[in-house]
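I have placed the structure first, in the form of structure tokens, so that the comments after it can refer back to it.
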Amino acid sequence: MHGIDFIQDLAVVVLIAGLVGWICQRAGLSVVVGYLVAGMAIGPYNLPVALVSDINRIETLSQMGLVFLMFSIGMKLSLRKLRKLGLPLVLATAIEALIIYQLARATGGLMGLSAVETVFVGAMLMISSSAVIIKVLTEIGATHEKTGQMAMGVFVVEDVIAVLLLTGLSSYASLAGTHAESATISHTLLLLTAFIVLVGIIGVLFVPWLLKKLSLTGSAELPTLVQAGLLFVLATAAHRAGFSLALGAFLLGAIVADTPQRTQVDRTFEGLRDVFSAVFFVAIGMLIDVRSLFDVWGLVLAVAALALFGRSLACATGLLITGSPTVEAVRVGLLVVPIGEFTFIIAQLGIAGGVLPKSFQTVAVGAALVTTFAAPILARRSSKIANWVSTCEPGWLSAWLRVYRGWLDRLRQHEARNILWQLSKKRLIQIGVELLLVTGLFAFSGSLLAVLLAQVSRDWLFPYGPQILFWSGITLLSLAPLIAIWRNLSALAMLVAEVVFTAYISQAARFAPMLELALKLVGGLMIFLWLSAFLPLSGGARWVPLVVVLVVAVVVGFFRRKLIYWHSVLEVELQERLTQTASRGSAPGWLLNHAEWNIALVECVIPDLADVRGCTLGELGLRANLGCTIAGVERQGVLIENPSATFALYPRDRVLLLGNPAQTAAGKSFIHRVSESLPQSDFDDVRMDTVTLQENSVIVGMTLAELAPTQKVGVQIAGINRQGVRILNPGGAEKLLVNDELLVLGTNEQISAFVSWALKLSLPTGQ
């Protein structure tokens, strides 16, 4: 009966979540709000009769929801997208997070919070709700405006910060009661970075190859199973490494985001993500006692006010520091005020770690609801507020900002002219990435060895056999990046010595080799000190490392050139994967926002059963009837810019409408329209048959375009067998000849109608 009870609980959760979410959506609110409200409604605290018998089961399912939610958030992020944001926006978001944290620290004491609680409140306020922001931007038609693009860039960077926060806070929560030193936390953050780099490099090299192979199988279930397996494996690996499940799921999503199969994967997991994400938010709502809101209403309002004013102020300040105009900075700050998904996750993390009271979940939900309600109001009035702030700006501040922006422009120009920096920055990045890769290999090798020793004997094959083979393999894997580190370091030392003595101390050029040697020695010493901190040398006999070194030396002696070659191939492959351009999801180059024209650019997705499916743009006549036009269509991850009148629309196409706000709203309603009476069809009723044309058939001599069999009787001509020569999928210009054997696709009724048509001497009347 336990299984029946579980299904009953799940049915209640999903059904009520769907109904309440639909009501909230109709009211113009985020569906996340509906899920939270649904959880509060069916939770054990707010009704005399509990609708869910076992909350623990739902909480277990919510962990799956967290995995799918973080996977979908990672899918919105990509390395290319992050690179396109530019360093100023990344720095502005980092400054914003720092300011919010300092504001939380400054006001935490006034709100009666402890030091630990203040840390978590600051983290809760650092991350905005991407779901709410995207919904609000879509509603006001600002998704393709510069400020809207910047707001989306801010929450993309915040998603990265959120993952780092989740991992760092989990460590902080476990160490809070032990008075751990900051060095311990720093070590954890370093391991986190190494884990991300290790998983990222392996994933970027392996996952796209695997997805490509799976996409060629033609099977729908096999790619789904493998991708789900990868998702759970990475989530579990992150947990085993001492981090959260969310980290592994997020990393896989970010890796998949840069693959051509991104759209297919997103569509595959769309249903699972929606269901389990809803369960996750409902589970959070079930932990909320509505009556407790009255007990902590003051703290709820304080946190909400800090989110509304603190986040907008912090974001605007960060953008001003990085050189954005005042109007632009203030408006972006007003667009990113809502908090949501990550706020709940961080609060739940603190509660589970025992460093936060259970009331904090209530505070998080209450503050998120306030900001969610306020977000549309602030967004619609953001332009007016930003212009007002600009007019109130003191003259001395405006003059200082102009001077400051000019200094930033000169600094950027100087950076572009700095030959040493331009030549060395790429090698510095490569050295950093390779070091983190090696660090990850050695730092997490102990956990892998423990798994191996759990399967085989410690003295398998020979004394300490598994350890020797394992460490030999790890060392060989690390040799290629270590060689690359040394080669980049040597090239960098030579470059620095050459530039320094050529540009600055040309009269002492003979000392350049000495400086080069010194730089190599210092670099080698730093690498040794770095690696020695992570080499796990304990747990075995003292002679084991010596044997490992001998084994590696023998392998290197025979395969040195191969190792260098393999690393070069992998390095080139990695660079290609990270730098190759993709048309997916990028806005057309000719789409520029001109505020004076009151242009709105609105995205909408064509429903599966929409009336416009299969219609060409010419047949729709949007410009003539509604005044708007379709500027672009994204289909299966490929962007078609400025499509022609003969371009046909299909379900799940992402359409970009251009016009004024009223025209785009009307166009969106028209595209989303679904008739009440839908044509019923079943693919199982479709069959193929052959029809041979006789000499007296009137359709002989006609082209397929003139014949138009699909429009007349509903069949398709899939092929023509002409005197032994088979033409598959013939074009419209193909002319029908006597004795042609036509391969006809359609239902029994449609094929019968076509046969009688083809054997008659007159054409049927077109529909």
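What follows is calculated from the coordinates using simple rules that are stated; it is not laboratory data. For clarity, every value in this text was computed on a predicted model and none was experimentally measured. When we count neighbours, we look across all protein chains shown, and the Cβ atoms used for this are built from the backbone with ideal geometry, even at glycine.
The listed peptides 694-705, 272-283, ordered by packing as a protection proxy, come out as 272-283, 694-705 (highest mean of other Cβ atoms within 10 Å first).
Count charges around S359 for me, please; just the other residues with Cβ under 13 Å from its Cβ, Lys/Arg as +1, Asp/Glu as -1. Once positives and negatives cancel, what remains is -1. Scanning residues 5 or more positions from S129 or on other chains, those with amide H under 5 Å from its amide H are I339, G340, with H placed 1.01 Å from N in the peptide plane. Per-residue 3J(HN,Hα) values for the range 712-718, derived from phi via the Karplus relation 6.51 cos²θ - 1.76 cosθ + 1.60 with θ = phi - 60°, read 7, 10, x, 8, 10, 8, 7 Hz in sequence order (x marks Gly and Pro). In this structure, the amide hydrogen of I640, modeled 1.01 Å from its nitrogen in the peptide plane, lies closer than 5 angstrom to those of V633, E634, R635, counting only residues at least 5 positions away or on a different chain. Seen from all directions on average, the range 683-758 presents a Cα convex hull projection of 4.6 nm². Annotation: the residues D611, D9, sorted from fewest to most other C-beta atoms within 10 Å of their own C-beta, follow the order D611, D9. Taking amide H atoms as placed 1.01 Å from N in the peptide plane, the amide H of N660 lies under 5 Å from those of A600, each 5 or more residues away in sequence or on another chain. With K and R counted +1 and D and E -1, the other residues having a Cβ less than 15 Å from that of I527 yield a net charge of +2.
Charge tally for F281 (other residues, Cβ to Cβ under 12 Å; Lys, Arg +1; Asp, Glu -1): -2. Residues C615, C392, C628, C24 in ascending order of nearby Cβ atoms (within 10 Å, fewest first): C392, C615, C24, C628. Each residue of the range 276-293 was assigned a 3J(HN,Hα) from its phi angle through the Karplus expression (A = 6.51, B = -1.76, C = 1.60, θ = phi - 60°), giving 6, 5, 4, 4, 4, 5, 5, 4, 5, x, 5, 7, 9, 8, 4, 5, 6, 4 Hz with x at Gly and Pro.
For the peptides 318-324, 431-437, 201-207, the ranking by mean Cβ contacts within 10 Å, running from highest to lowest, is 318-324, 431-437, 201-207. The phi-based Karplus calculation (6.51 cos²θ - 1.76 cosθ + 1.60; θ = phi - 60°) puts the 3J(HN,Hα) values of the range 240-250 at 5, 7, x, 10, 8, 4, 4, 4, x, 5, 4 Hz, whole numbers, x for Gly and Pro.
Among I345, I16, I640, the order by Cβ neighbours within 10 angstrom, fewest to most, reads I640, I16, I345.
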